[in-house]
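Notes to accompany the following structure.
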Amino acid sequence: MKIALSALGCICVALTFSWGAENPADADKYWPQWRGPAGNGGAPGNDPPVEWSESKNVRWKIDIPGKGSSTPIIWGDRLFVTTAIPVGDENGESKLEENGQQSGQQKGRRRGPRGIQPDHVHQFVLFAINRPDGKVLWQKILREEKPHQGTHMTGTWASNSAVTDGKYIYAYFGSRGLYCLDMDGNLIWERDFGDMDKRMSFGEGSSPVLHEDKVFILWDHQGPSYLYAVDKMTGKDVWKVDRDEITTWTTPLVIEHGGKHQIVVSGTNKVRSYDVSSGEPIWEAGGMTVNVIPMPVHLDGLVLVTSGFRGNALLAINLDAAKGDVTDSDAIVWKLDKDTPYAPSPLLYDDIIYFLKTNTAILSSFNAKTGEENYRQQRLEDMGTV
């Protein structure tokens with residue numbers, strides 16, 4: 001089985017992002033992480049096409065072996081994407097064919113009662129692609145093993161997006177480890193955090209977050225859960241905090257407020273914020289549903305968190321008033337209990353938050369600061385479920 005890396009995944013950004021030197025100050029020009037430079041789904045200062053097809057506004061398209069649902073990330077003239085390629089039989093014996101195609105491609109994703117169960121050994125690979133023409137510059141096999149647990153039918157074993165600072169790439173495959181590589185594909189270090197036990201064997205999906213000298217890894221599952229801050233040059237722990245949480249698939253968000261940085265992590269039991277330098281908790285709030293997936297967004301001292309499985313929840317939290325447990329306090333500026341997303345993260349743009357209902361193509365829009373409704377349940381034509 002193959003995935004095509006095409007217009008939405010990389011071509012649009014190839015046509016719209018600025019070119020420049022590999023300097024961390026240029027991060028806003030590129031797409032260095034899951035959900036873009038600010039983590040809110042936006043690409044400031046860029047002008048993407050609003051129409052595309054197999055022949056319109058497409059510069060190039062290539063096939064990537066295996067399957068991955070991570071975000072391609074972009075820095076300068078390079079694009080990086082991860083994939084998981086089935087290569088062996090059920091006993092782990094390699095069965096690569098001479099032409100380089102994988103004999104296990106079609107058989108590597110057996111359906112089970114809780115999603116897709118692994119039948120084959122997989123190679124976990126990072127690709128580097130030349131953005132102007134789609135040429136593969138290099139590919140690096142970072143791990144080869146049979147996944148210990150299944151994944152959701154809409155997920156993959158390469159669902160965690162990489163992140164870059166323009167000097168190093170941090171490729172993350174959850175239970176298959178975190179890897180630091182330079183821009184030429186040389187492995188600098190690797191870190192194994194163990195095996196997750198995800199709820200319903202629905203797979204993994206939280207992406208790493210990079211801030212200054214730390215990489216943050218969220219490890220929420222059915223066993224002991226943690227938030228890790230590791231040194232970006234060595235992979236060793238800077239700090240690690242216990243989390244009273246079950247499985248989530250969300251990605252944390254680092255924000256600056258009052259001259260200090262904090263990392264906000266959504267969760268079923270509580271939304272929590274931690275001091276970036278020490279891991280000390282700053283505030284927490286209840287109110288999310290189970291199976292938390294959407295990433296928080298931030299605007300002018302306001303954090304907005306959403307979830308939408310077996311219920312609906314949106315909380316807008318004022319950071320000036322957020323200290324300790326702020327559940328049902330004045331720190332909650334506004335809230336919503338209808339039409340919130342299950343899997344998709346919201347988009348924040350020009351003081352407006354946009355989000356989909358559960359996993360459907362039904363869009364709502366609100367003033368992010370006040371909660372005033374712009375519109376609700378607007379169906380996006382010619383689109384199915386997310």
Size of electric dipole in the range 148-306: Cβ of Lys, Arg +1 and of Asp, Glu -1, about Cα centre, debye, nearest 20: 260 debye
Candidates L210, L356, L319, ranked by Gaussian network fluctuation over the chain, Cα under 10 Å, top entry: L319
Global form of the range 244-294, assessed from the alpha-carbon gyration tensor, a/c cut-off 1.5: prolate
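Per residue, how much accessible surface does the chain expose to a 1.4 Å probe? Answer in Å², no decimals.
Computed with neighbouring chains in place, this is 44 Å² per residue.
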Kirkwood hydrodynamic radius over Cα pairs of the range 210-279, then Stokes diffusion coefficient at 37 °C and 0.692 mPa s, in µm²/s: 267 µm²/s
Apportionment of accessible area to carbon and sulfur, the chain, percent (1.4 Å): 46 percent
Percentage relative contact order, the range 258-386, counting C-alpha pairs under 8 Å, at least six apart: 17 percent
Contact order normalised by residue count of the range 174-251, Cα under 8 Å, 6+ apart, percent: 25 percent
q = 0.11, 0.12, 0.13, 0.18 Å⁻¹, the range 246-386: log10 I(q)/I(0) [Debye, one scatterer per Cα]: -0.37, -0.44, -0.51, -0.97
Across K236/K357; K135/K240; K140/K198; K56/K369, pairs whose alpha-carbon gap is larger than 32 Å: K236/K357; K135/K240; K56/K369
For the range 237-324: rounded, prolate or oblate by the Cα gyration tensor [a/c cutoff 1.5]: oblate
Extended-chain gain in nm, criterion 0.36 nm per residue less alpha-carbon gap, D77 and E190: 38.2 nm
Potential extension, E51-D242 segment - 0.36 nm per residue separation minus Cα distance: 64.2 nm
The range 318-355-the range 169-199 distance, computed between alpha-carbon centres (Å): 31 Å
Prolate/oblate/rounded label for the range 174-326 (Cα gyration tensor, a/c 1.5): oblate
Potential extension, S278-A321 segment - 0.36 nm per residue separation minus Cα distance: 13.4 nm
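The values are calculated or read from the model by the stated rules, or taken from the named source; none is laboratory data. For clarity, every value in this text was computed on a predicted model and none was experimentally measured. Note: ideal-geometry Cβ built from the backbone for every residue, glycine included; neighbour counts use all protein chains shown. For accessibility, only protein heavy atoms count, side chains too; no ligands or nucleic acids. Shrake-Rupley method; radii C 1.70, N 1.55, O 1.52, S 1.80 Å.
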